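Chemist: This is the structure, below, for whatever I ask next.
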Number of protein chains: 2
Amino acid sequence: MNPILAVGSVAFDSIKTPFGEASRVVGGAATYFAIAASFFTEVRIVAVVGDDFGANLEKVFGGRRIDLAGLEIVPGETFRWKGEYGFDLNSRETVYTHLNVFEQFKPKIPHSHKSSPFVFLGNIHPTLQSDVLDQVQRPKLVGADTMNYWIERTPEDLKKVLKRVDVLLINDSEARALAGEANLVKAARKIQAMGPKTLVIKRGEHGVLMTRTGGGFFAAPAMPLEDVFDPTGAGDTFAGGFLGYLASCEGVDDAALARAIIYGSTLASFAVEDFSVDRLLRLKQDDVTARFQEFKKLTHFDVV
Amino acid sequence: MNPILAVGSVAFDSIKTPFGEASRVVGGAATYFAIAASFFTEVRIVAVVGDDFGANLEKVFGGRRIDLAGLEIVPGETFRWKGEYGFDLNSRETVYTHLNVFEQFKPKIPHSHKSSPFVFLGNIHPTLQSDVLDQVQRPKLVGADTMNYWIERTPEDLKKVLKRVDVLLINDSEARALAGEANLVKAARKIQAMGPKTLVIKRGEHGVLMTRTGGGFFAAPAMPLEDVFDPTGAGDTFAGGFLGYLASCEGVDDAALARAIIYGSTLASFAVEDFSVDRLLRLKQDDVTARFQEFKKLTHFDVV
């Protein structure tokens, strides 16, 4: 079992969907990632919160395999984001983003975490992602996320860090933008040539597409759900389930990667069932196992 | 093996995509459906063409298990449609639709075809779909397609015929519109309550979702393709591969339905590789078998 060092945001979110509202609830990419990954392995968070975060630390991360030695608490307010979703939950609008204490965030890796075998670089400035890799010994596996904001504004910094990334997780429109190519298969080849040997393309309610070593792909649908309350954090939860499971495996091969995609999809399918991390906090290992089996039923067919 | 009676359009299409153009080439829902289904069973087309269709009949349908006794040739011009696709091939604009001889089309089922065990009602006026069912003996299985045009303009006629349909194949936006429900799982339940016990929701490049008898779903991705030239007819080809395979099975159960989805996806993945029905006309049984196996690789994961 390989511990994962995970750098990213821990935040307060305010969310409005057609099904309800939640105000100043715990969010942030590193939060969703860490809770999901902790079902499979130890997670070492590197992040920053303000002194207003208070008892949420214990409430959200307590009693889990989550190490907070790299989480700084500094005077000021925690990162805040507010978003509103449309009726189909696929479109969302950012009402505000207040970086607050996150604006001056410089990831500092505690000495005891520098030899972490797995590293996950959440969706922060690509130069900060590089800084993290500069501070650690060469890990067994580096996973990373990015977004259109960095693809458009800091493409050179992004390309520099991509050379050091093994597994890149991005959504389909980001993959097309990064590669400058509308066809997803060709876009995947171009991105692999930039560094990441494995590309995981997230398609929201349409599931996930992943490159395989032989040149082919693995594809998984999302679980069809009757009640989706809040899609916030689904992608980060997917990343946590995916890398968390991989880190728990003896070795990383195509079969392990395929199962990791299903574990990522499993965790993400729970995350959207309630606001914030509420469903993840109530989640039991047995729930995870049961839904993994449901994914098998969802996708299995016999060859005759 | 059950012969399929298939009613729908046989047409001339003009198509423009970012990768090229094709003018006055053979198209039409019944055309794509019949060629795809004929890989698995005998297909009996009920359609109309003008006297300008000429040698295309032999070129497209000749040498296949396709019975043309129900295909009328009448004086006048064949149905013509022109469409243009955007760069991502997901959006298309109809430049014109000339119904021509199709405007007066009244399906007439030849006596020898009235006992066809499988019936496919292509995307025509729901009252004509009902007319077809009135002319045949109760089939073992009735499959049907429809579109937003009929959902919006003739909802009562559509609901009447849906009561007599076993398997409805529609795309995701049509399913949402027909049910008046944004959530696809809830939409599926509502449509099942209208009659069809099996609902097949086509999601284009994102694959297919199908209801299962136990209350669950079966989901399949589309094959990721490097070169998609022309998406025209992909849905009709899917329907042909799906129902054609089902008709070739001893019985229709969840396992057969799941394989049928993969055969439908297999045929559709070929259809888009060239303009019109060109790729389907060159297709061999071995190609179909090989790509079916590729779908297994694309989606398979082990439970450990």
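The values are calculated or read from the model by the stated rules, or taken from the named source; none is laboratory data. Bear in mind that the values here come from a model prediction, so they are computed numbers and not experimental data. With ideal geometry, Cβ positions are generated from the backbone for all residues, glycine too; neighbour counts draw on all protein chains shown. For accessibility, only protein heavy atoms count, side chains too; no ligands or nucleic acids. Shrake-Rupley method; radii C 1.70, N 1.55, O 1.52, S 1.80 Å.
Chemist: Find the sum over both chains of the accessible area lost when A and B are paired, probe 1.4 Å, and report it in Å² to the nearest 100.
Modeler: Looking at A and B, the buried total is near 3400 Å².
Chemist: With a ≥ b ≥ c taken as the square roots of the eigenvalues of the C-alpha gyration tensor of the range A:42-196, please select rounded if a/c is under 1.5 and otherwise prolate if a/b is larger than b/c or oblate if it is not?
Modeler: Since a/c reaches 1.5 but b/c is at least a/b, the shape of the range A:42-196 is classed as oblate.
Chemist: Students sometimes get this wrong: rank A:Ser14, B:Ser112 by accessible area, probe 1.4 Å, all chains present, largest first. All intermediate terms of the calculation are to be shown ahead of the outcome.
Modeler: Numbers: A:Ser14 10, B:Ser112 80 Å².
Output order, biggest surface exposure first: B:Ser112, A:Ser14.
Chemist: Accessible area per residue for the range B:57-158 in Å², computed with a 1.4 Å probe and the full protein assembly in place, what is it? List each step's numbers first, then the result.
Modeler: Numbers: 5430 Å² over 102 residues.
Here the residues of the range B:57-158 average 53 Å² of exposed surface.
Chemist: Highest first, please rank the peptides A:261-272, A:285-296 by the mean number of other Cβ atoms sitting within 10 Å of their residues. Walk me through the numbers on the way to the answer.
Modeler: On the way: A:261-272: 26.3, A:285-296: 14.7.
In descending order of packing, they fall as A:261-272, A:285-296.
Chemist: Another one. Kindly report the accessible area of the range B:264-304 per residue (heavy atoms of protein chains, probe 1.4 Å, no ligands, DNA or RNA), in Å². Each step should come with its number before you reach the end.
Modeler: Values: 1710 Å² over 41 residues.
That works out to 42 Å² per residue.
Chemist: Something else now. With a/c under 1.5 counting as rounded, go ahead and sort chain B into rounded, prolate or oblate using the C-alpha gyration tensor (a ≥ b ≥ c being the square roots of the eigenvalues; past the cut-off, prolate if a/b is larger than b/c, else oblate).
Modeler: Note, shape of chain B comes out rounded.
Chemist: Which ³J(HN,Hα) values in Hz, rounded to whole numbers, follow from the phi angles of the range A:266-283 under the Karplus curve 6.51 cos²θ - 1.76 cosθ + 1.60, where θ = phi - 60° and Gly and Pro get x?
Modeler: 4, 4, 4, 5, 7, 3, 7, 7, 8, 6, 6, 9, 4, 5, 5, 5, 8, 6
Chemist: From largest accessible area down, sort B:Tyr32, B:Tyr85; use a 1.4 Å probe on the protein chains.
Modeler: The residues order as B:Tyr85, B:Tyr32, largest area first.
Chemist: While we're here: Inside 10 Å of the C-beta atoms of B:213-223, what's the mean count of C-beta atoms belonging to other chains?
Modeler: Other-chain Cβ atoms within 10 Å of each residue's Cβ, averaged: 5.
Chemist: As a check on your reading of the symmetry: which chain A residue has its Cβ nearest the axis that brings A onto B, and how far is it in Å?
Modeler: Here the value is A:His206, 2.
Chemist: Please work out the Cα center distance from the range A:11-58 to the range B:248-264, rounded to the nearest Å.
Modeler: Between the Cα centres of the range A:11-58 and the range B:248-264 lies a distance of 44 Å.
Chemist: Now for a separate question. If the cut-off is 15 Å between C-alpha atoms, which aspartates and glutamates fall inside it for B:Lys106, apart from same-chain ones fewer than 8 positions away?
Modeler: Excluding near neighbours in sequence, the set is B:Glu72, B:Asp131, B:Asp134.
Chemist: Something else about it: Along Cα-to-Cβ, 7 Å out, sits the label point; list in nm, shortest first, how far the one on B:Lys108 is from those in the other copies.
Modeler: Copy-to-copy label distances for B:Lys108: 8.9 nm.
Chemist: In deg cm²/dmol, rounded to 500, what helix-only [θ] at 222 nm does chain A give when every DSSP H run of at least 4 residues adds -39500 (n - 2.57) and the total is split over its residues?
Modeler: Roughly -10500 deg cm²/dmol at 222 nm, from the helical runs in chain A.
Chemist: Provide the packing ranking of B:75-81, A:243-249, i.e. peptides ordered by the mean count of other C-beta atoms within 10 Å per residue, highest first.
Modeler: Going from most to least packed, we get A:243-249, B:75-81.
Chemist: If the limit is 31 Å between Cα atoms, which of A:Lys108/A:Lys186; A:Lys82/A:Lys114; B:Lys186/B:Lys296 go over it?
Modeler: A:Lys108/A:Lys186; A:Lys82/A:Lys114
Chemist: Just counting partner chain Cβ atoms within 10 Å, what average do the residues of peptide B:204-210 show around their Cβ? Could the numbers behind the result be given before it?
Modeler: Details: counts 1, 4, 10, 5, 1, 5, 0.
Average neighbour count from other chains, rounded to a whole number: 4.
Chemist: Among B:47-53, B:210-216, A:68-74, what's the highest-first ranking by average C-beta atoms within 10 angstrom per residue?
Modeler: B:47-53, A:68-74, B:210-216
Chemist: Additional query: With just the Cα atoms defining each centre, how far is the range A:111-162 from the range B:84-100? Give it in Å.
Modeler: 43
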